[in-house]
Amino acid sequence: MMKNSDEETRRGKERECARQFIISILGYYGYGNTGDEAILESIIALFNKFLSCKFIVLTENPEIVSNTHNIRAIYSSRYKIFKNIIEIIQTLFKSDMFIYGGGGILGGGYRQTLSWISKILLAKISHKITVIYAVGVDHDFHRKLKMLKKIVINKAVDHVSVRDEKSKKILEDMRIKRVYLTPDPALCLEPANPLRVEEILHEEKILPFSYPLIGICLRGTYLGQLFSDEMTYSQFKKIFVTIIDYLVNKLNAKVVFIPMRYTPSDNKIAFEILEKVQYKERVHIITREYKPQEIMGILGKMDMVIGMRLHSLILAAAMSVPIIGIAYDPKVKYFLLQLNPNVKFCEINDFNLNDLKTKIEITWQNKEEFKNFINSGVLNLKKMIINNTISVCNLLKCKYKL
C-alpha cells in the first residue's frame, strides 16, 4: 500500500510540475543539534513529496550543513546582517520561495530578529513567496520588536504556521493574521535502514543484548540555565542515579544515554551521573555522532525512552516507543499533550524521585496501551503536518499556475 502511495506521489509530481523549484531556508541548522537537523531533513522530504524542490540553506556553518544533508548551504550570520550579503541577495533572488523555520526560532534580541526579518524583506522585494514554517514562539517583552514583527509578518509573509497552541496564541495576541497550527515536522522523518541501525548498535557494543533497553536523553549544560545553584543541579543528577539503579534492579534493564546535541554535548551530565551509578556495567553512553535518521533508528530499538530533549520524544514517538517526558520547557509539555493526554511527563519545577518513578511504573506496566495512544496520536499529527505542507506547496502551484 505504501509503495502504491509513493508511486502516486511521484506520478503526481510529474504531472503537476515539470520544473524544479528553488527554496531557500533559514533556521537553526548546522549547530550540532540532532533535533534541528531532523527538522531540516523532514522539511526537504515533505516538500519533495509534492513538488520537485532544490533547497539552499542559509547558515553560519555551511560546510557542516552540506556534509550532513548533501545540499547546498551558504554563509549567513544570525548577528552580522551584512556579512556575505551579496551572495544572500543572489540566492534569494533566484529562489522561488523563502522559508524561515522550523523549530523554536521566532524570538531573540534585536540583531537576531533583524537578521531573519531582513531575509524576509529581501525575498519579498524580489517578489518571492515567503513562509514562516512550523516555528515555536516565546513571549517578546521588547515593545518595539513586537511592533516590528507584527508589521513585517502581516505585510510581507504569505503563510505562517506554528507548532503549538501557546505559540499560536502569542502571535494572535500580537494581532498576526492567519496563523496556522502544525506539529513539528520532524515527526515525519524516516529512520535509517534497519541494517545500518543494527550495525551501529553492534559497534556501540549495545548488541547483542538480553535486557530491555531504556533510553535516556537529557539536556546538557544546566547551571545558570535550568538550575541556579549547584545544590539543585546535584539533586537532579542524584534522582537519575537512583532511577538508573531502580531500572536495572526492578526492570532488569540496560540503560542507554543517547545524546541529541554534540556542541555542547549532552553527554556531560551522562558521565557525571555514571560516576555515581552502582551498576555501571549496565549503563552505556553513546559517544559517536550520528545523523538524525540514525538516532531515530537507535531510539526505535528502545523499550522505553525518558527524554528531556523535545526531539528525543518526537522521534521515539514516531517509532512507536513508550515515552516519558521531562518538561524543562513548555514546548515539551505541549507536544506530549498534542500527542495524547495520557502520555506521562514530569514538570522540571516540581521534579522529584517519587513522581518520576510512579510514571515509569505506569508506563512500563502498560506499554502496549501507551504504544496504541502514541500510534494514534502520531497518525493524526502527521496528517496535520502534511496538510500544512500541501498548503505551502499550493502557494507555488498557484503562482506558477500548475
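The values are calculated or read from the model by the stated rules, or taken from the named source; none is laboratory data. All values derive from a computational prediction rather than experimental measurement. Please note: Cβ atoms are built from the backbone with ideal geometry, for glycine as well, and neighbour counts cover all protein chains shown. Keep in mind that these areas ignore ligands, DNA and RNA; they rest on the heavy atoms of the full protein, side chains included. Shrake-Rupley method; radii C 1.70, N 1.55, O 1.52, S 1.80 Å.
Considering the range 152-169, and only residues there that are part of a helix (DSSP H, G or I) and closer than 20 Å to residue 99 by Cβ, the residue that is most open to solvent (accessible area, probe 1.4 Å) turns out to be 155. Would you please name the residue that is farthest from residue 34 (Cα to Cα), looking only at residues in the range 210-267 that are free of Cβ contacts under 8 Å to residues at least 40 places away in the same chain and among the basic types (Lys, Arg)? Among them, the one singled out is 250. Suppose we filter the range 193-220 for residues that are open to solvent by less than 30 Å² (accessible area, probe 1.4 Å), touching a Lys or Arg at 6+ places or on another chain (Cβ under 9 Å) and closer than 26 Å to residue 250 by Cα; how many remain? Final tally of qualifying residues: 9.
Looking at the range 177-187, which of the residues that are open to solvent by less than 10 Å² (accessible area, probe 1.4 Å) and outside any loop (DSSP other than H, G, I, E, B) is farthest from residue 133 (Cα to Cα)? Across the range 177-187, the extreme among qualifying residues is 187. For the range 276-322, a residue qualifies if it is outside any helix (DSSP H, G or I) and in contact with a Phe, Trp or Tyr (Cβ under 8 Å, 6 or more places away or on another chain), and the qualifying residues are 283, 284, 285, 286, 289, 304, 308, 322. Right, residue 65: β-branched (Val, Ile, Thr), assigned to a helix (DSSP H, G or I) and at pLDDT 95 or above or not? Yes, satisfied. Residue count for the range 317-326 under the criterion of being under 22 Å from residue 211 (Cα atoms) and either open to solvent by 20 Å² or more (accessible area, probe 1.4 Å) or aliphatic (A, V, I, L, M) (or both): the result is 6. Residue selection: residue 190 satisfies the criterion of being among the acidic types (Asp, Glu), open to solvent by 60 Å² or more (accessible area, probe 1.4 Å) and not in a helix (DSSP H, G or I). Out of the residues in the range 77-126 meeting the condition of being basic (Lys, Arg) and under 25 Å from the mean Cα position of the chain (by Cα), tell me which one is least open to solvent (accessible area, probe 1.4 Å). If we take residues in the range 77-126 being basic (Lys, Arg) and under 25 Å from the mean Cα position of the chain (by Cα), then 119 is least open to solvent (accessible area, probe 1.4 Å). Just wondering, is there one or more residues in the range 339-346 that are out of contact with any Ser or Thr (no Cβ under 8 Å at 6 or more places or on another chain), part of a strand (DSSP E or B) and over 30 Å from residue 47 (Cα atoms)? Among the residues of the range 339-346, at least one is out of contact with any Ser or Thr (no Cβ under 8 Å at 6 or more places or on another chain), part of a strand (DSSP E or B) and over 30 Å from residue 47 (Cα atoms), which makes the answer yes.
For the range 88-97, the criterion of being in a strand (DSSP E or B), closer than 14 Å to residue 133 by Cα and at pLDDT 95 or above is met by at least one residue.
Of all residues in the range 257-271, those satisfying the criterion of being crowded, with 19+ Cβ neighbours inside 10 Å and either under 17 Å from residue 239 (Cα atoms) or not hydrophobic (A, V, I, L, M, F, W, C) (or both) are 257, 259, 261, 266, 267, 269, 270.
Confirm whether residue 334 is of a type outside the set (A, V, I, L, M) and open to solvent by less than 60 Å² (accessible area, probe 1.4 Å). For residue 334, the condition - of a type outside the set (A, V, I, L, M) and open to solvent by less than 60 Å² (accessible area, probe 1.4 Å) - is not met.
Search the range 274-316 for residues being touching a helix residue (DSSP H, G or I) at 6+ places or on another chain (Cβ under 9 Å), in contact (Cβ under 8 Å) with a residue 40 or more places away in the chain and under 14 Å from residue 244 (Cα atoms), and hand back the single one that is most open to solvent (accessible area, probe 1.4 Å). That would be 282.
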